[in-house]
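Notes to accompany the following structure.
The values are calculated or read from the model by the stated rules, or taken from the named source; none is laboratory data. Keep in mind that this is a model prediction, so the values were computed, not measured. As a convention, Cβ positions derive from the backbone with ideal geometry for all residues, glycine included, and neighbour counts pool all protein chains shown.
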Amino acid sequence: MPKKPERNLPKGSRVSLSFARFCEFMIVQGLIITVIGMLVVFLFLILLVCITGWTSGLVRKYAPEPAAAPKKPAKPVVAPPAAAKATAVETVSDNDKIAAVIAIAQREFGLPVK
């Protein structure tokens, strides 16, 4: 009876050739299942991206435009009294006028004053 060819098993090993083949089979099966699982997840993610883009397009097409927030009415600028107005115009320099305009704009638009 011819002797079975031995694979690279260590001498004195109690592992039989059928067990070694079984281990190879299990590793190959594990790799196949891993690859199939990764492909399923990859295809699911591609499908998810496509469906999300499609529904986003539908919402943009058919959803009503959001109502614009009502703007705050502008606060009326109160003119200084007539007596103060006459003296203020004569003594105010251009830099002071610019500073006053900037301060009013900051107050109107709610910007922080430095």
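Among the residues of the range 72-87, is any of a type outside the set (Asp, Glu), under 34 Å from the mean Cα position of the chain (by Cα) and at pLDDT below 90?
From the range 72-87, those of a type outside the set (Asp, Glu) are 72-87; that's our starting set.
Retained after the next criterion (residues that are under 34 Å from the mean Cα position of the chain (by Cα)): 72.
Pick out the ones that are also at pLDDT below 90 and you get 72.
Yes, the conditions are met somewhere in the range 72-87.
Exactly one condition in (1) at pLDDT below 75; (2) loosely packed, with under 10 Cβ neighbours inside 10 Å is not met by residue 94; state its number.
(1)
Residue-by-condition table, conditions (1) surrounded by 10 or more Cβ atoms within 10 Å (Cβ to Cβ); (2) at pLDDT 95 or above; (3) farther than 30 Å from residue 109 by Cβ:
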{"site": "15", "(1), (2), (3)": "yes, no, yes"}
{"site": "23", "(1), (2), (3)": "yes, no, yes"}
{"site": "28", "(1), (2), (3)": "yes, no, yes"}
{"site": "37", "(1), (2), (3)": "yes, yes, yes"}
{"site": "70", "(1), (2), (3)": "no, no, no"}
